[in-house]
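The values are calculated or read from the model by the stated rules, or taken from the named source; none is laboratory data. Since the model is a prediction, treat every value here as computed from it, not as a measurement. Counting neighbours? That spans all protein chains shown, and the Cβs are built from the backbone with ideal geometry, glycine included. We work out accessible area using only protein heavy atoms, side chains counted, and drop any ligands, DNA or RNA first. Shrake-Rupley method; radii C 1.70, N 1.55, O 1.52, S 1.80 Å.
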Amino acid sequence: MGNTGDTPDVFDPRIYAAGIPHDRFRALRDHRPVARQEEYEVLGWPAGPGFWAVTRHADVVRVLKDAAGFSSYLGATQIRDPDPADLPFIRRMMLNQDPAPGPAKPSGPGEPPHHGRLRRVVSRAFTPGRIERFATTARGRARELLAAARESGGDEIDLVRTVTDDYALLNLTDLLGVPASDRGLLHAWTERVIAYQDPDEPPVLDAAGRPVNPRSPAMLADMFGYARELAAYKRAHPADDIMTVLAESELLDAELEMFFFLLTVAGNDTVRSAAPGGLLALAEHPDERGRLWRGEVGTGTAVDELLRVHPPVLSFRRTAARDTELAGVRIAAGDKVVVFHASANHDERVFADPHRIDLARSPNPHVSFGDGPHVCLGAHFARLQLRLLYEETRTACADLEPAGAPRRLVSNFINGIKTLPVRAHWRA
């Protein structure tokens, strides 16, 4: 089932199992840059009221920057509407809040929580010294994982299973201060939230047989219990990690739990999705890979180009706070508005020859980390991890080529890769 008429469907999560639907996005950008999408029942999830798909770069940036007109708070940030009973809980997360309209201050009784105060609290954890120590550890981890992959798999390996999943997850445990022995818990919680549309991760059903939102209080109770225990431990045994900073801050327990959820899921899956996507692009484009391997292009610009062509997040939802107009289309207050990063990153109006990978592309105003007040808080850390991984891959492998088709996540939210078979030509 899809949209009626000749409007391409970009809602169905199953479409993305074959990769980004570039033909559909281009048709929307050219003819219906703000297009009405049906939100039909799919994969056991119930139908919704529909939404506006925003596909041109300029319009995506406008929506992301205009938090007063396009709210994260009103309906949260997922395409599917949350259960009304869960919405107050979901709004406790920084991602689902709006900036304060005036000078930032703690939220008063009955007042929506303000995203700016929480953002500043966690920003204090990203000190230059911590970043430098983290970079040293992450580089060593990339080197060790690549060496272990070579030893265990020979020339043909699955980079996701042997390298990128553990690289993202173990870096996150270091950053948060979670014992490495608990990385399985973080992995399970991430899968539950991120892969909920994928048939490989069957949904949890309620008594009536309906799927339970993975972001609901019931589904997050075990994660939150762990966050409280870890925070208590950090107060008694402080360390050089983000959970210690959060545990010793002015955050309320409920805010700290939501921060742990946000950092666990977003902090893991941003790199976990981007890393194999970037390596796949390098494997599929030997000329550009050669330029990077020979040092003809900088790894910094290469990272941004690989993020442009394979954004870790496909889409984000906002809710119109008032009647407005976008690209000549009237949008009513309360309407869902969904921006598609993957489309904006390939908009011919902004990027010359957008389907060609150019690792030296500059400027490169991609929106893979969003824009405006909700631009990804961990973007610097994500870029750092990706740069170190690509540099260590270049050191370990003289060449890299596909050894089969990747398996992709069934999701209209996360641009995930579940397996990535490659043939590695290891250096002596």
Per principal axis, largest first, the Cα atoms of segment 386-428 extend in Å by 40, 24, 9
Using alpha carbon centers only, segment 172-203 is separated from segment 50-85 by a whole-angstrom value of 26 Å
Could you pull the Rg and Dmax for the chain, using just the Cα atoms, both in Å?
21.2, 65
If I histogram all Cα-Cα distances within segment 132-199 using bins 10 Å wide from 0, what percent of pairs lands in each bin?
18, 44, 32, 6
What share of all Cα pairs of segment 117-238, in percent, falls into each consecutive 10 Å distance bin?
10, 29, 34, 21, 5, 0
Need one number: nm distance between label points at TYR40 and GLU325, each 7 Å from Cα along Cα→Cβ, rounded to one decimal.
3.3 nm
Among segment 151-180, those whose backbone N falls under 11 Å of a label point 7 Å along Cα→Cβ from THR137 are 170-180
Beyond 18 Å, how much of the Cα-Cα pair distribution for segment 178-258 remains, as a whole percent?
50 percent
14 Å Cα-Cα reach of LYS336 towards aspartates and glutamates, excluding residues that sit fewer than 8 places from it in its own chain
GLU38, GLU39, ASP81, ASP323, GLU325
Order the peptides 223-229, 415-421 from the highest to the lowest mean number of other Cβ atoms within 10 Å of their residues.
415-421, 223-229
So what J values fall out for segment 348-361 if you push phi through Karplus, 6.51 cos²θ - 1.76 cosθ + 1.60 with θ = phi - 60°, rounded to Hz, Gly and Pro as x?
4, 6, 10, 10, 5, 6, x, 8, 9, 7, 10, 5, 9, 4
Accessible area, probe 1.4 Å, largest first, for residues ARG29, ARG423
ARG423, ARG29
Using a Förster radius of 30 Å, what is the FRET efficiency between ALA17 and HIS237 based on their Cβ-Cβ separation? Nearest 0.05, please.
0.10
Using a Förster radius of 25 Å, what is the FRET efficiency between PHE126 and GLU250 based on their Cβ-Cβ separation? Nearest 0.05, please.
0.90
Quote to one decimal, in nm, the extra length available between SER362 and GLU144 on full extension: 0.36 nm per residue of separation minus the C-alpha distance between them.
75.2 nm
Size of segment 189-325 as Cα extents on the principal axes (Å, biggest first):
52, 44, 40
Kirkwood-based Rg/Rh on the Cα set of segment 334-404 evaluates to 1.05
For segment 308-428, the Debye formula with one identical point scatterer on each Cα and no solvent gives log10 I(q)/I(0) at q = 0.10, 0.14 Å⁻¹ as -0.45, -0.82
Using a Gaussian network model of the chain with C-alpha springs under 10 Å, which one of LEU169, LEU251, LEU205 is most mobile by mean-square fluctuation?
LEU205
Accessible area expressed per residue, the chain, with surrounding protein chains retained (probe 1.4 Å, Å²):
41 Å²
